1. Residues that are farther than 23 Å from residue 37 by Cα and at pLDDT below 95, at least 1 per element: which strands (runs of 3 or more DSSP E) completely within segment 59-168 meet that?
2. Within segment 85-105, work out how many residues are surrounded by 13 or more Cβ atoms within 10 Å (Cβ to Cβ), more than 19 Å from residue 31 (Cα to Cα) and touching a residue at least 24 places away in the same chain (Cβ under 8 Å).
3. Which is closer than 25 Å to residue 43 by Cβ and touching a strand residue (DSSP E or B) at 6+ places or on another chain (Cβ under 6 Å), of 172, 108?
4. May I ask you to list the residues in segment 150-163 that are exposed (fewer than 15 other Cβ atoms within 10 Å of the Cβ) and in contact with a strand residue (DSSP E or B) (Cβ under 9 Å, 6 or more places away or on another chain)?
5. Residues in segment 132-140: is at least one in contact (Cβ under 8 Å) with a residue 24 or more places away in the chain and surrounded by 19 or more Cβ atoms within 10 Å (Cβ to Cβ)?
6. Test each condition in (1) out of contact with any helix residue (DSSP H, G or I) (no Cβ under 7 Å at 6 or more places or on another chain); (2) assigned to a loop (DSSP other than H, G, I, E, B); (3) at pLDDT below 95 for residue 33 and report the one that comes out false.
7. When you scan segment 169-188, how many residues do you find that are modelled with pLDDT of 95 or more and either part of a helix (DSSP H, G or I) or more than 18 Å from the chain's Cα centre (by Cα) (or both)?
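The values are calculated or read from the model by the stated rules, or taken from the named source; none is laboratory data. Bear in mind that the values here come from a model prediction, so they are computed numbers and not experimental data. Counting neighbours? That spans all protein chains shown, and the Cβs are built from the backbone with ideal geometry, glycine included.
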């Protein structure tokens with residue numbers, strides 16, 4: 001379990017999830033099969049659940065790449081995400097992530113990972129987390145995190161392969177399925193069940 005992962009978003013997710021977000025060894029899409037969703041690019045401020053919550057801003061950006069052998073410029077499929085928290089009783093706090101976007105079964109999803117979450121430990125790799133998102137006509141963003149209990153139920157039913165470690169207050173869930181199997185499972189699932197709960201809301205400031 002990565003206790004540093006998306007601290008602000010997890011505060012929202014904890015309202016509906018009993019434990020930490022499930023982790024996966026593989027994303028829902030590879031860089032080759034991911035989409036570049038230009039709607040995501042921009043600067044957002046996260047809705048505060050309480051008046052005393054710290055101000056949290058989010059920057060979403062697709063990095064451009066120089067022309068290749070054919071001299072054409074392009075955009076990488078990796079979405080760069082930077083979160084800056086304005087801590088009232090401290091200074092600025094930042095976290096960086098990268099994500100892959102994909103479209104499955106009529107809905108949009110992110111596979112995201114914290115940069116440096118491997119901690120530099122030998123043999124340890126970063127693990128992915130999943131979320132469903134929607135972009136409104138005004139550009140605001142809503143994000144639903146994958147439901148821990150729904151994933152556990154899928155593992156018990158043999159629909160997904162993974163490991164569940166039970167703790168007193170929460171469970172650690174790690175999936176080992178291939179990208180293709182994960183994508184097929186999500187595409188065939190009801191998003192209202194697999195990604196249930198209250199969404200995190202981000203209001204667009206600039207694009």
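1. 74-86, 92-104, 162-166
2. Qualifying residue count, segment 85-105: 2.
3. On the way: 172 fails: closer than 25 Å to residue 43 by Cβ.
Matching residue, one of 172, 108: 108.
4. 156, 161, 163
5. Here is the first cut: in segment 132-140, the residues in contact (Cβ under 8 Å) with a residue 24 or more places away in the chain are 132-135, 138-140.
The next check asks that each one be surrounded by 19 or more Cβ atoms within 10 Å (Cβ to Cβ); those that pass are 132-133.
The answer is yes, given that some residue of segment 132-140 is in contact (Cβ under 8 Å) with a residue 24 or more places away in the chain and surrounded by 19 or more Cβ atoms within 10 Å (Cβ to Cβ).
6. It is condition (3) that residue 33 fails.
7. The number of residues fulfilling the criteria is 10.
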